[in-house]
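Shown next, in structure tokens, is the structure this report addresses.
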Number of protein chains: 2
Amino acid sequence: MTTDLATLPLPTVKDVEAAAVRLKGKAVLTPLLESQLLNARLGGRLLVKAEMLQRTGSFKFRGAFNRISLIPEADRARGVVAFSSGNHAQGVAAAAKAFAIAATIIMPSDAPAVKVRNTRALGAAVIFYDRWTESREAIGARLCEETGATLVRPYDDPGIIAGQGTIGLEIAAQAEAAGARLDACVVCCGGGGLVAGTALALADRSPGTPVFAAEPVGFDDTARSLAAGERVANAPGATSFCDAIVTPMPGAVTFRINARLLAGGVAVTDAEVADAMRTAFDALRVVVEPGGAVALAAALSGKVPVEGRTVAVVCSGGNVDPEVFVKVLADG
Amino acid sequence: MTTDLATLPLPTVKDVEAAAVRLKGKAVLTPLLESQLLNARLGGRLLVKAEMLQRTGSFKFRGAFNRISLIPEADRARGVVAFSSGNHAQGVAAAAKAFAIAATIIMPSDAPAVKVRNTRALGAAVIFYDRWTESREAIGARLCEETGATLVRPYDDPGIIAGQGTIGLEIAAQAEAAGARLDACVVCCGGGGLVAGTALALADRSPGTPVFAAEPVGFDDTARSLAAGERVANAPGATSFCDAIVTPMPGAVTFRINARLLAGGVAVTDAEVADAMRTAFDALRVVVEPGGAVALAAALSGKVPVEGRTVAVVCSGGNVDPEVFVKVLADG
């Protein structure tokens, strides 16, 4: 069952292109948004990839659908398993439904009711575990062994990375259609699958464009790992309201790609993220969740400068509780 | 200067098609959004035209750009004038900027500062009038006479209607691409330009699809005019938070089209509109302003049934003050 992630063949742009063919008509070709007022304020051109408009409200559907399509047909019929209470859960559930196969999502027993309800409404079975006394990995491994189901990891998997990379292909094509040459691209980063896939695509389609990972302060493991040249973990004790991307350290597969292709990483504060969410509301009229707004925050804060340049950012998701959004707007 | 609106030649689908050619690459081809969870809840298929993603955050840019393109070139250079403190102001300002001509927007002196600022940031000059002691029509007429500028009306104009109608062409093409046949289409209605244009396009591209106007309760002048067979005004004293579409009575030009092409009108309450705004936030991750949410409210409330059917609705704009949006989310 275990895979040696350190020696797994890495995906290439060919894998991303194959994923794009599979996803055509299945995933939403999300728009690359632009605001004249925002551009005037920044003195440059900001292009925003609107993945909150993707199926299930985040980019996760792309990777999940592509990964499931790579499972040999006989095995695929036995279904898939994932650990998640968030965007990955819904992405896997919706992708499994598209293949008409069973999905089982393993969630902590204290997961928010709305997330459980939404995952079930997408046709998935939910199994709960006690996060203090049980191991979700052990539950998942037993389930896969008993049923022949395939585990779908959230990021550290070539098929997932290739699926997320379709965002990079779309950004390059949409920027070209908008008459833009990209001086930089900034991508939200938790485990690093989205930025790795996007970098694979842009290295081919827009080779002069540096790609940056954006992370919350205190969870900038990818930025520090890039600087160190090896994977380093976050110090314990940090907090951030960017719940979707507070991962402990870069993935083994994703970091092999990111170490080679990324220009660096930037860390943003919760206040900068909240400001980015307000700006997305005001100037772009879209809902961005905290973890989905870090790349936009990096551009708006000037940590990746937009002045005199053209910069693309990925807003990776929009699944945010109304209470959190109200607080963000009211604090502005 | 005056035009006899009752005898003005009406636009046809050919005018809408010509507008689409002019707008290609200028206006955003906004997506037709769909949510699996929302469809499951409604027991049907709901397609949402996301015009909050249009330039300046509402559909108004389409009509303004098309109207300006119809001004003879020598006159066009003398600029345009509009009365508005809202979406029409920004649509006209952005369209004039695209033509590199001057725009003067006549606003009440108590217009919200942010709207004045945004209109100016789009390059327009703003002239204030006192809404208790001055006539904006007189100010506009004098300005046009003195400068040779052209007045751009918000809805009662064939060029405006044809421009808004491009939304109908896009809905028909996008629904077909999504494998959908439309059982109904619901469109927000103030003066009636958007619904008239959309109906012109759908009568040609999706001839079996009934088109409905959605209005706020107390401002359902188009619904009552359709029932009466002639234009009737709203009774004074009604209130609604759908500020963008609280017009006194149907337009003379728009009603001539709507009387012929619409299947009817539905009126929704502020509470139904607020619920629609929350659903758009939750299920579609977009920001819809109150006036832009009435068609969605008509579908979600069952006033235009979705169960067992496929219904398209236009969400026409997303320019809402954060304070209003916070109140809507917090009340949910």
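The values are calculated or read from the model by the stated rules, or taken from the named source; none is laboratory data. Please read all numbers here as calculations on a predicted model, not as lab measurements. So basically every Cβ, Gly included, is an ideal-geometry build from the backbone, and we count neighbours across all protein chains shown.
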Inside region B:186-241, can you point out the residues that are of a type in the set (Ser, Thr, Tyr) and touching an Asp or Glu at 6+ places or on another chain (Cβ under 8 Å)?
-> B:Thr209, B:Thr222, B:Ser240
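So which residues in region B:217-246 are in contact (Cβ under 8 Å) with a residue 60 or more places away in the chain and part of a loop (DSSP other than H, G, I, E, B)? Can you show your working first?
First, pick out the residues of region B:217-246 that are in contact (Cβ under 8 Å) with a residue 60 or more places away in the chain: B:241, B:243-244.
Correct list: B:Phe241 only.
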Is one or more of the residues making up region B:21-29 surrounded by fewer than 22 Cβ atoms within 10 Å (Cβ to Cβ), in contact (Cβ under 8 Å) with a residue 40 or more places away in the chain, under 26 Å from A:Met52 (Cα atoms) and touching an Asp or Glu at 6+ places or on another chain (Cβ under 9 Å)?
-> yes
How about region A:39-75: which of its residues are part of a helix (DSSP H, G or I) and within 11 Å of another protein chain (Cβ to nearest Cβ)?
-> A:Asn39, A:Ala40, A:Arg41, A:Glu51, A:Met52, A:Leu53, A:Arg55, A:Thr56, A:Gly57, A:Phe61
By residue number, the members of region B:276-291 that are at the interface with chain A (Cβ under 9 Å from one of its Cβ atoms), part of a helix (DSSP H, G or I) and of a type outside the set (Phe, Trp, Tyr) are B:Arg278, B:Ala280, B:Asp282, B:Ala283, B:Leu284
Picking from A:Val324, A:Val304, which residue would you name as being more than 12 Å from A:Ala280 (Cα to Cα), part of a helix (DSSP H, G or I) and touching a Phe, Trp or Tyr at 6+ places or on another chain (Cβ under 9 Å)?
-> A:Val324
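Give A:Ala299, A:Ala330 a once-over and let me know the one that is surrounded by fewer than 24 Cβ atoms within 10 Å (Cβ to Cβ) and either of a type outside the set (S, T, N, Q) or at pLDDT below 95 (or both). Give the derivation first.
On the way: A:Ala299 fails: surrounded by fewer than 24 Cβ atoms within 10 Å (Cβ to Cβ).
Going through A:Ala299, A:Ala330 in turn, just one is surrounded by fewer than 24 Cβ atoms within 10 Å (Cβ to Cβ) and either of a type outside the set (S, T, N, Q) or at pLDDT below 95 (or both): A:Ala330.
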Within region A:292-332, how many residues are within 10 Å of chain B (Cβ to nearest Cβ) and in contact with a strand residue (DSSP E or B) (Cβ under 9 Å, 6 or more places away or on another chain)?
-> 5
Among (1) over 20 Å from A:Leu200 (Cα atoms); (2) within 21 Å of the chain's Cα centre (by Cα); (3) modelled with pLDDT of 95 or more; (4) surrounded by fewer than 20 Cβ atoms within 10 Å (Cβ to Cβ), where does A:Leu33 come up short?
-> (4)
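Here is a list: B:Ala125, B:Ala180, B:Ala141, B:Ala201. Which entry is aliphatic (A, V, I, L, M) and under 21 Å from the mean Cα position of the chain (by Cα)? Working first, answer last.
Values: B:Ala125 fails: under 21 Å from the mean Cα position of the chain (by Cα); B:Ala180 fails: under 21 Å from the mean Cα position of the chain (by Cα); B:Ala141 fails: under 21 Å from the mean Cα position of the chain (by Cα).
Answer to the check: B:Ala201.
Please pick out the residue among A:Gly43, A:Gly91 that is surrounded by fewer than 24 Cβ atoms within 10 Å (Cβ to Cβ) and out of contact with any Leu (no Cβ under 8 Å at 6 or more places or on another chain). Walk me through how you get there before you give the answer.
Numbers: A:Gly91 fails: surrounded by fewer than 24 Cβ atoms within 10 Å (Cβ to Cβ).
The match here is A:Gly43.
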